[in-house]
1. Please pick out the residue among S125, S158 that is under 14 Å from the mean Cα position of the chain (by Cα), surrounded by 24 or more Cβ atoms within 10 Å (Cβ to Cβ) and free of Cβ contacts under 8 Å to residues at least 40 places away in the same chain.
2. Being part of a loop (DSSP other than H, G, I, E, B) and surrounded by 18 or more Cβ atoms within 10 Å (Cβ to Cβ) is the filter here, so list the residues in region 29-62 that pass it.
3. For region 148-165, how many residues meet the condition of being assigned to a helix (DSSP H, G or I) and at pLDDT below 90?
4. Six or more apart or on different chains, Cβ atoms under 6 Å: show the pairs whose first residue is in region 286-315 and within 19 Å of L111 (Cβ to Cβ) and open to solvent by less than 20 Å² (accessible area, probe 1.4 Å) and whose second is modelled with pLDDT of 80 or more and outside any helix (DSSP H, G or I).
5. So which residues in region 258-305 are under 18 Å from T175 (Cα atoms) and in contact with a Gly (Cβ under 6 Å, 6 or more places away or on another chain), if there are any at all?
6. Tell me yes or no: at least one residue of region 211-230 is of a type in the set (V, I, T), more than 30 Å from T145 (Cβ to Cβ), part of a helix (DSSP H, G or I) and modelled with pLDDT under 85.
7. What are the pairs with Cβ atoms under 7 angstrom where one residue, in region 241-262, is touching a residue at least 12 places away in the same chain (Cβ under 8 Å) and the other, located anywhere, is open to solvent by less than 30 Å² (accessible area, probe 1.4 Å) and not in a helix (DSSP H, G or I)? Sequence gap at least six, or different chains.
Amino acid sequence: MVRLAFAVPFVVIALASAAPAVTAATVNASSVARVAGVPWDRADAAWVGDLYPPLGTVLVRLIPGGSFGLGIAGALVAGLLLQQLLEVMVHRRFRWWTILVFLTAVAGNPLFAYTATGNFEAFLSIALFGVGTVNMVRFITGRNTKAGFESGILFMLSALADASGLILVVVVAVTAPLLVVARRGQAGARSSNVLIVLFPTIAVFLSVMFLQLVFLDDPFAVFRSVVHYDPARWAIVPYLFTTADGLLLVAPVASGAALALLARRPGSILIGVFVFAALIFGFIGGLVATNSAGNVYLVMSMMAIAILPAARTVRTSAWITAVGGFQIVIAWASAGNRPATLEWMGAIARSIGWS
């Protein structure tokens, strides 16, 4: 019931987005067009590369209703994700006002709604990554073996749901060692824990690469359909630090750093920096769609919830809640500066007669 309650608002938004003029402004329309061009009567090694990302491609193929159907599916995924984030905050005994602010920071903004109902593959990948990160933290800091295996499977599915998932798995490889505290007599704790959470992903991709090496003499053929390096996209780097819109992209990193200091986990600052850098490189490499909006913000917000421990004092909790409130401002300001979300919101308003 909690999951359904969280999903209902986004189902309503998906219903309001049913007009063709609205769906045309989303990434889902591009996904449907791409999958329509996949030759489904083949089953050879080259076809495996054309299918990537296989989980996202197959779901887009099977979910009826085109872009509208994907919007409804994304709304249901949103309900599952928000319930998982609520669960982890309750388990860590966050105060109720902190929970309310952080859930609002994650989901109470156009960035989340646009991604959930308009970019199904990327949102599914981000959701799987977010829940996987929660389980990874349980495994590494709480020695929960079951959570460790679950996180490995979720990271694998994230990499198979969307091309941007490849970048998120790289983030896991870099950040997981920062969460491990090796104790005396536990040599190799960092490497063994990282291997556990990454093994399913590594196994899947090495298997496919070996298959394509044998039959195509090209182990990287699986990536050629999704990696589209464009040197012109390097222009985003100075853009991040010289424009207001760029600073809004960087702001979640600063917010995450503040949370890390308040929680007395300064090492987590590096995690936020790595996440941000990986997503920017993913954009330059073509793994993140140009009309995506909010990917950086959503990933950073979920990483903060996954890693943040409960505050020990009311004063610290109040400061953490204040930073969460600042993230709400960041999200709305960012949505107002993203052409993709502005076009999407404008199309919805016109479809329901508000403008």
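1. S158
2. The answer is Y52, P53.
3. The qualifying residues number 3.
4. If the second residue must be modelled with pLDDT of 80 or more and outside any helix (DSSP H, G or I), the pairs left are A293/R338.
5. Hits for region 258-305 are G272, M300, M302, A304.
6. Among the residues of region 211-230, at least one is of a type in the set (V, I, T), more than 30 Å from T145 (Cβ to Cβ), part of a helix (DSSP H, G or I) and modelled with pLDDT under 85, which makes the answer yes.
7. L259/L308
One line per residue, one yes/no per condition, for (1) among the aromatic types (F, W, Y); (2) under 25 Å from V131 (Cβ atoms):
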| residue | (1), (2) |
| --- | --- |
| V12 | no, yes |
| V48 | no, no |
| F68 | yes, no |
| A75 | no, yes |
| T104 | no, yes |
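The values are calculated or read from the model by the stated rules, or taken from the named source; none is laboratory data. None of these values were measured; they are calculated from a predicted model. We place every Cβ from the backbone using ideal geometry, glycine too, and count neighbours over all the protein chains shown. Just so you know, the surface numbers come from the protein's heavy atoms only, side chains and all, with ligands and any DNA or RNA stripped out. Shrake-Rupley method; radii C 1.70, N 1.55, O 1.52, S 1.80 Å.
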